């Protein structure tokens, strides 16, 4: 509980600071429909995880919803009830177990050297997050924006808060309402912060 309160306090502080410093149009103004272009390639996870349902999360997932930023962060989400084949599939593909993640989950090293962070979640929303995935230009399943916002709100890291604001800045009203609905269902106490992040994002992208 203490850790959770620290994350919430940090998030609220970051939002307050951003509100003081944000200037309209200070971010990218490229039209949203031209954003999905992948310059960084993901490993061929579909050749490794043939039985385990998953979605791309972390920094690699944000480029579905905002301009791509350089990141070495490759991560996936797996629902705990559907993870029974996970370790075997990784081992059969000559992946090497590295160790636990500080934020929860584990890291494996893929054959070509990429580090893959795996979050196996029991969260009540995790199964739907995997089922309602969005297929990216690379043909791999990416987490849908409302669920990605939940993950990043729960993480509370500075980069995650910045990502939320920017992604929401490029989202249309229909998608924003989907995000609001999901946050209201699973994290109702965070709705006020969500609206602040939407406002910041729209200011940054000159859409407000």
Q.
What does the extension gain come out to for residue 187 and residue 70, with contour length at 0.36 nm per residue minus their alpha carbon separation?
A. 39.2 nm
Q. Dividing the Cα convex hull volume of the range 144-208 by residue count, how many Å³ per residue is that?
A. 69
Q) How much length is gained on full extension from residue 112 to residue 38, taking 0.36 nm per residue of separation minus their Cα-Cα distance? A) 24.7 nm
(Q) Could you compute how fast the range 105-152 diffuses translationally, taking Rh as the Kirkwood radius over C-alpha pairs and applying Stokes-Einstein at 37 °C with viscosity 0.692 mPa s? Give it in µm² per second. (A) 269
Q.
Using a 10 Å cut-off around each Cβ, can you sort 165, 181 from fewest to most neighbouring Cβ atoms?
A. 181, 165
Q. Please state the relative contact order of the range 64-177 as a whole percent: Cα pairs under 8 Å, 6+ residues apart?
A. 24
Q.
Below 8 Å, C-alpha to C-alpha, sequence gap of six or more: please give me the relative contact order for the range 144-208 in percent.
A. 40
Q: Determine the percent antiparallel among the DSSP beta bridges restricted to the range 67-208, to the nearest 5.
A: 65
Q: Quickly rank 132-141, 73-82 as a protection proxy: mean count of other C-beta atoms within 10 Å, highest first.
A: 73-82, 132-141
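A short reminder: the numbers here are calculations on the coordinates, not readings from a lab. Model, not experiment: these values are computed from the prediction. Note: ideal-geometry Cβ built from the backbone for every residue, glycine included; neighbour counts use all protein chains shown.
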